[in-house]
Amino acid sequence: MSIIENHTTNGQAFSEAPKLQARNVDVFYGDKQAIYDVSFDIGANEVIALIGPSGCGKSTFLRCLNRMNDTIDICRIEGDILLDEENIYDPKVDVVPLRARVGMVFQKPNPFPKSIYDNIAYGPRIHGLAQSRVELDEIVERSLQRAGLWNEVKDRLHSPGTGLSGGQQQRLCIARTIAVDPEVILMDEPCSALDPIATAKIEELIDELRENYTIAIVTHSMQQAARVSQRTAYFHMGQLIEVNPTDQVFTTPEHSLTEAYITGRFG
Amino acid sequence: MNYSSLLIAIVILFGGAYLLGRNRARALASAGGSLHSLPTHYGALMALWTGLPAVLLLLLWSILQGPVVDALLVKQLPAAIQQGTDIEIQLALSKVHNLAQGAGLAADASLQPAVEHLLALEQRNRVLHMGGALVIALLGLGLSWRRLRPSLRARTEVERIVSVLLFTSSGIAVLTTFGILASVLYEAWAFFQKVNVFEFLFGTTWSPQVALREDQSGSSGSFGAVPLFTGTLLISLIAMSIAVPVGLMSAIYLSEYATPTVRKYAKPALEVLAGIPTVVYGFFAVLTVAPMVRDIGVSMGLDVSSESALAAGLVMGIMIIPFVSSLSDDVINAVPQSLRDGSYGLGATRSETVRQVIIPAALPGIVGAVMLAVSRAIGETMIVAMAAGLAANLTANPLDSVTTVTVQIVTLLVGDQEFDSPKTLAAFALGLVLFLVTLTLNFIALKVVQKYREQYD
Ligand SMILES: Nc1ncnc2c1ncn2[C@@H]1O[C@H](COP(=O)(O)OP(=O)(O)OP(=O)(O)O)[C@@H](O)[C@H]1O
Ligand SMILES: [Mg+2]
């Protein structure tokens, strides 16, 4: 299979109240192109699921949204990505506040080798969000509560974060991201290392977080996409094939490739 | 028949037993028996049964034959000597050995029976010894041949023998350490019979000169080792204050900041430092650094001796940099990329990530690297001997010349020495102190590493 010539994304790629806008984004690793001319919007306070076969560029695209790809030497990006109408790839933009506004949760829980408290306090400290110890305590408690972890860890805030279970660690990482008060949260397969119960907790959490945040989540589980997202974007070999409301994607997909994927014919 | 042909014979038997066992097992298998293990396991088992007992016998025999032969010889000595002191008996015995080899000068008739007895003994000894080994090897071969049947659990037995062999090898390393400790302890004990422990550990004057002849006037030597300890400490401190920051920072640069190309060339270049012989560092210290230190000191109006702790410490620090940097670089690289991603994803800068995430995660390894470097610094001899001088000054001034424990051990043992004078024995006491200090350092390093392991695993 190869790239579709003269492709335009099917469905409702654009949003009335966009938070993030991608316009003609190409991504290259060295000479190899990983993303081809992707344009679509992520609306404010919506959860959008990015799905597609392995290697189609979901992670690559997600990492463009907070410029995490800057840490990869050979990675090059063309096109524009606007956050609140402002191009994040503008040379004047500083990535430090950008990443505070667009936080990221990774596939494997990656708590720092610090106490639970210090894991949460890490972001607020480096961004100077708390003026006093009391304020910092408040941020930590609030973040843990929003991540649904407070009751489980409130008695052992000062024991190491790495001592928690996998599901707890992932919620700790979500709490850590929330603690810097981002506007957008990017999640790259956040449940792939977790059991069904921990997964259910995180999905519940995502649903609650939607009130305050815009969320883009990469997932390999269609059930998960169906449960948590309002819109779904289907990627295929670096191209964005279709974006539509989630129910529609899973009942009446517009593009034959999307249909082939959700009916399990490949991927 | 001599030793080498015996060894060749055993090796041939060993290989033959392997082939024999393997082929027999294959034959059994093709004759319809279902083997418990692979044919090679049967071969290996037979080979081990053939080779091991024979080699063990040879080893034991060569360890034990000396004392046994001597015990038998004593009976043949003239009665007068047998009644004498141990030393006289020893003397007579070594005369007998010399005569037997045809090396004795004046033939002593009274020793002749003993000499003849020894020659006869040696003849018999050789036959028994080598014949015994061969017989045992053949016996092992035969026995294992008879035991060989399809149901024999050859794999299990081979595994067990191999694990015993491995255990023995590690045992040898441990026992050697204990042997070294014991011999050092023994000599140090002899030293402390002559010199008070407290005087040694807390005395502040080091001047190990002992009168050479009874009638010579002069001191009986003074063995206060404190100046050596402080000298070692001072030089190690100077060295570490160079090596730890420079080594750590270059490790951080190499692993976090350098581009792959820079890293590819810079890392080996740094490691070359570790391959330079310490004598060369010594030259560098004496010819380049020491004069430089002195000139700079003099231009600042300071009084600097031409052999200074500072010069030696600086050069030693440079020598140790690769120990710190290379090991730290490895442990920093081993910190999972996901931790870096997590930190960058929260908007941390590179230096924040390094300081607050990477260093804490790599700390156990870094502590280990530093401890290793400290032991290197304490044990280093050549640079100090060449650049720091021999004067046992009790001083904290890095511009003075000082001396270290290792340097003194060398000076005490160089040249012709009586082995029971306090001067020589003092070297072993110093060695004991050195050994205990490095042991403690390693112990502490292990504890630190363990503590962090528990916390972060
Ligand atoms: N660091 C990198 N260097 C070079 N090529 C890369 C790198 N990361 C990803 N790629 C390539 O880019 C393409 C897209 O990879 P990406 O990780 O975005 O896929 P994905 O959709 O997230 O897959 P998965 O579902 O397996 O996580 C792949 O062909 C991959 O080989
Ligand atoms: Mg991925």
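The values are calculated or read from the model by the stated rules, or taken from the named source; none is laboratory data. Predicted model, so just to flag it, every value in this text is computed and none were measured. Because the Cβ atoms are built from the backbone with ideal geometry, glycine has one as well, and the counts that use them run over all protein chains shown. All accessible areas refer to the heavy atoms of the entire protein, side chains included, with ligands and DNA or RNA removed. Shrake-Rupley method; radii C 1.70, N 1.55, O 1.52, S 1.80 Å.
Legend: residues B:261, B:349, sorted from most to least accessible area (1.4 Å probe; ligands, DNA and RNA excluded), read B:261, B:349. Just to confirm my numbers, what's the Cα centroid distance between segment A:5-47 and segment A:186-215 in Å? Segment A:5-47 and segment A:186-215 have Cα centres separated by 23 Å.
Residues B:167, B:178, ordered by accessible area of protein heavy atoms at a 1.4 angstrom probe radius and largest first, appear as B:167, B:178.
Each of B:413, B:248, B:309 was placed along the dipole of segment B:222-456 (beta-carbon charges, centred on the mean Cα), and the one lying farthest toward the positive end is B:248.
For chain A, hydrophobic long helices are taken as DSSP H runs at least 18 Å long by C-alpha position along their axis with mean Kyte-Doolittle hydropathy of -1.0 or more; these are A:133-146, A:166-179, A:196-209. Overall, the protein assembly as shown carries a charge dipole of about 2660 debye about its Cα centre when +1 sits on the Cβ of Lys and Arg and -1 on the Cβ of Asp and Glu, all other atoms neutral. Helices in chain B that qualify as membrane-span-like (whole DSSP H runs, Cα extent of at least 20 Å along the helix axis, mean Kyte-Doolittle hydropathy of 0.5 or higher) are B:3-30, B:39-74, B:154-194, B:226-252, B:309-334, B:359-379, B:422-456. Note that chain A presents 42 Å² accessible area per residue, ligands and nucleic acids not counted, probe 1.4 Å. Shape class for chain B, computed from the alpha carbon gyration tensor (a ≥ b ≥ c): oblate, with a/c not under 1.5 and a/b at or below b/c. Need the C-alpha centroid separation for segment B:255-329 versus segment A:104-118, integer Å. The two parts, judged by their Cα centres, are 40 Å apart.
Shown are A:187, B:249, B:371, whose ranking by accessible area with a 1.4 Å probe and every protein chain present, most to least, is B:249, B:371, A:187. Our helix-only sum for chain B, with -39,500 (n - 2.57) per DSSP H run of n ≥ 4 divided by its residues, gives a mean residue ellipticity at 222 nm of -25000 deg cm²/dmol. Straight-distance candidates among the aspartates and glutamates for linking to residue B:194, with alpha-carbon spacing under 13 Å and chain neighbours fewer than 8 residues away dropped: B:420. Pairs exceeding a 21 Å alpha-carbon distance, out of B:75/B:95; A:154/A:201; A:114/B:267: A:114/B:267. Computed about its Cα centre, the charge dipole of chain B is approximately 2420 debye, with only Lys, Arg, Asp and Glu carrying charge at their Cβ. Rolled with a 1.4 Å probe across the full set of protein chains, the surface gives residue B:30 an accessible area near 100 Å².
Rounded, prolate or oblate: which fits chain A, taking a ≥ b ≥ c as square roots of the Cα gyration tensor eigenvalues, rounded meaning a/c under 1.5, else prolate when a/b beats b/c? Prolate, because a/c is 1.5 or more and a/b exceeds b/c.
Dipole orientation for chain B: of the candidates B:401, B:360, B:15, B:15 has the Cα lying most toward the positive pole (charges on Cβ; Lys, Arg +1; Asp, Glu -1). Where in segment B:309-346 does accessible area fall by at least 40 Å² between the isolated chain and the complete protein assembly, at a 1.4 Å probe radius? Residues losing area: B:338, B:339, B:341, B:344, B:345, B:346.
What is the mean number of Cβ atoms from other protein chains located within 10 Å of the Cβ atom of each residue in peptide A:105-118, rounded to a whole number?
4
Compare the peptides B:185-193, B:338-346, B:309-317 by average per-residue count of other Cβ atoms within 10 angstrom and give them in order, highest first.
Numbers: B:185-193: 16.7, B:338-346: 22.3, B:309-317: 29.0.
Taking the mean over residues of other Cβ atoms within 10 Å, the ranking is B:309-317, B:338-346, B:185-193.
If a/c stays under 1.5 just call it rounded; otherwise compare a/b with b/c (prolate if a/b is bigger, oblate if not). Do that for segment B:41-195, with a ≥ b ≥ c from the square roots of the Cα gyration tensor eigenvalues. Present the calculation step by step, with values, prior to reporting the outcome.
Values: a/c = 4.32, a/b = 1.57, b/c = 2.75.
Taking the square roots of the gyration eigenvalues as a ≥ b ≥ c, segment B:41-195 is oblate.
The fraction of Cα-Cα pairs per 10 angstrom bin, counted from 0 for the protein assembly as shown, comes to 3, 10, 13, 13, 13, 15, 14, 10, 6, 3, 1, 0, 0 percent, rounded to whole percents. In the context of the full set of protein chains, residues of segment B:308-350 present 25 Å² of accessible surface per residue (probe radius 1.4 Å, heavy atoms only). Express in Å², to the nearest 10, the accessible area of residue A:71 obtained by rolling a 1.4 Å probe over the protein heavy atoms while all chains stay in place. Only protein atoms counted, so the area is about 50 Å². Note that segment B:122-238 presents 65 Å² accessible area per residue, ligands and nucleic acids not counted, probe 1.4 Å. For residue B:38 and residue B:161, the difference between the fully extended length at 0.36 nm per residue and the C-alpha to C-alpha distance is 42.6 nm. Pairing chains B and A buries close to 1800 square angstrom of accessible surface in total, based on protein heavy atoms and a 1.4 angstrom probe.
Residue B:283 contributes an accessible area of around 110 Å² to the protein surface, as traced by a 1.4 Å probe with all chains present.
Going Cα to Cα from residue A:32, which lysines come in below 22 Å? Please leave out same-chain ones fewer than 8 positions away. List returned: A:58.
Of all the accessible heavy-atom surface of the protein assembly as shown, with the other protein chains kept in place and a 1.4 Å probe, what percent is carbon and sulfur?
Here it works out to 61 percent.
The mean count of C-beta atoms from other chains within 10 Å of the C-beta of residues in B:356-364, rounded to a whole number, is 3. Note on A:162-169: average number of Cβ atoms from other chains within 10 Å of each residue's Cβ is 1.
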